[in-house]
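Everything on this sheet refers to the single structure shown next.
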Amino acid sequence: MSSVEYDLYTFIAGAALKEGQTFHLKCNCGGTVPITPPPKNEFVVCPNCLAKIKFLVVEGDPGYIIGRDSSGDPTLLPVQGSTAKPLQQLSADERKEILERVKKQLGKTDNVED
Ligand SMILES: [Zn+2]
């Protein structure tokens, strides 16, 4: 068990951190935390609400990550710095479509077919 507890977890597109410019991580409170690549730590502290935010850098620009909601169902999680359309701007149908697509992509890693 880890002794470090984080208030928030978020994903950042690796592509956004390769630009060589400061990335502004958005906190749930509406505040932003600047990250200058390469990040020195795996977490930042929001200067506004003091939340400790753990960030995970995902390779490239995947757009979305599949996570699980409180009932254990797969759900889409946003990736900050991605060029993909923000989740909150997607319709329910669009979200469903992306979720299905990402699930298929994940399934392909151990089941190669064309
Ligand atoms: Zn905050």
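The values are calculated or read from the model by the stated rules, or taken from the named source; none is laboratory data. What you are looking at is a predicted structure, and each value in this text was computed from that prediction instead of being measured. Glycine gets a Cβ as well: all are built from the backbone with ideal geometry, and neighbour counts include every protein chain shown.
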| said: Given (1) within 15 Å of the chain's Cα centre (by Cα); (2) outside any loop (DSSP other than H, G, I, E, B), identify the lone condition not met by PRO34. | reply: (1)
| query | HIS24 passes all but one of (1) surrounded by 12 or more Cβ atoms within 10 Å (Cβ to Cβ); (2) more than 16 Å from the ligand (Cβ to nearest atom); (3) of a type outside the set (A, V, I, L, M, F, W, C); which number fails? | reply | (2)
| query | Quick one: in region 8-57, which of the residues that are more than 19 Å from SER82 (Cα to Cα) and among the polar types (S, T, N, Q) is modelled with the lowest pLDDT? | reply | ASN41
| request: Find the residue count for region 64-82, including only residues that are touching an Asp or Glu at 6+ places or on another chain (Cβ under 9 Å) and in a loop (DSSP other than H, G, I, E, B). | output: 2
| note | In the set GLY31, GLY67, the lone residue that is within 16 Å of the ligand (Cβ to nearest atom) and not polar (S, T, N, Q) is GLY31
| note | Going through region 37-63 in order, the residues found to be more than 16 Å from the ligand (Cβ to nearest atom) and assigned to a loop (DSSP other than H, G, I, E, B) are PRO37, PRO38, PRO39, LYS40, ASN41, GLU42, GLU59, GLY60, ASP61, PRO62, GLY63
